[in-house]
Amino acid sequence: MTTRSRLALAVTAWCLAAVAVVLPLVWLINNRDWGVALMLPVPFVVYGLLRLGRALEGWARAMPPPSGREGFR
């Protein structure tokens, strides 16, 4: 898998995860009386999504291990 395709896969995975988390959260905040209480964990949810994005970027940009035994003597 090339770096470009891994990056595209990582962006797609992050977008799907963000929509899957944010959309229900926003709907609950908007439509339920107790939804206002969900405003408290929102910064933690955003922080988690940022961490997920960084982890996926690290995975996408990781270099493959060297092939062969060039470094061993």
Does A8 satisfy the condition of being within 11 Å of the chain's Cα centre (by Cα), surrounded by 11 or more Cβ atoms within 10 Å (Cβ to Cβ) and among the hydrophobic types (A, V, I, L, M, F, W, C)?
no
Among what's in the stretch 28-41 and is surrounded by 11 or more Cβ atoms within 10 Å (Cβ to Cβ) and either in contact with an Asp or Glu (Cβ under 7 Å, 6 or more places away or on another chain) or not hydrophobic (A, V, I, L, M, F, W, C) (or both), pick the residue that is modelled with the lowest pLDDT.
G35
Scan of the stretch 15-25 for residues that are out of contact with any helix residue (DSSP H, G or I) (no Cβ under 9 Å at 6 or more places or on another chain) and of a type in the set (V, I, T), ordered by number
V19
Which ones in the stretch 11-27 are open to solvent by 50 Å² or more (accessible area, probe 1.4 Å) and either more than 15 Å from G58 (Cβ to Cβ) or of a type in the set (S, T, Y) (or both)?
T12, C15, L16, V19, A20, V21, V22, L23, P24, V26, W27
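The values are calculated or read from the model by the stated rules, or taken from the named source; none is laboratory data. Given the structure is predicted, the values throughout are model-derived calculations rather than measurements. Because the Cβ atoms are built from the backbone with ideal geometry, glycine has one as well, and the counts that use them run over all protein chains shown. Side chains included, ligands, DNA and RNA excluded: accessible areas come from the protein's heavy atoms. Shrake-Rupley method; radii C 1.70, N 1.55, O 1.52, S 1.80 Å.
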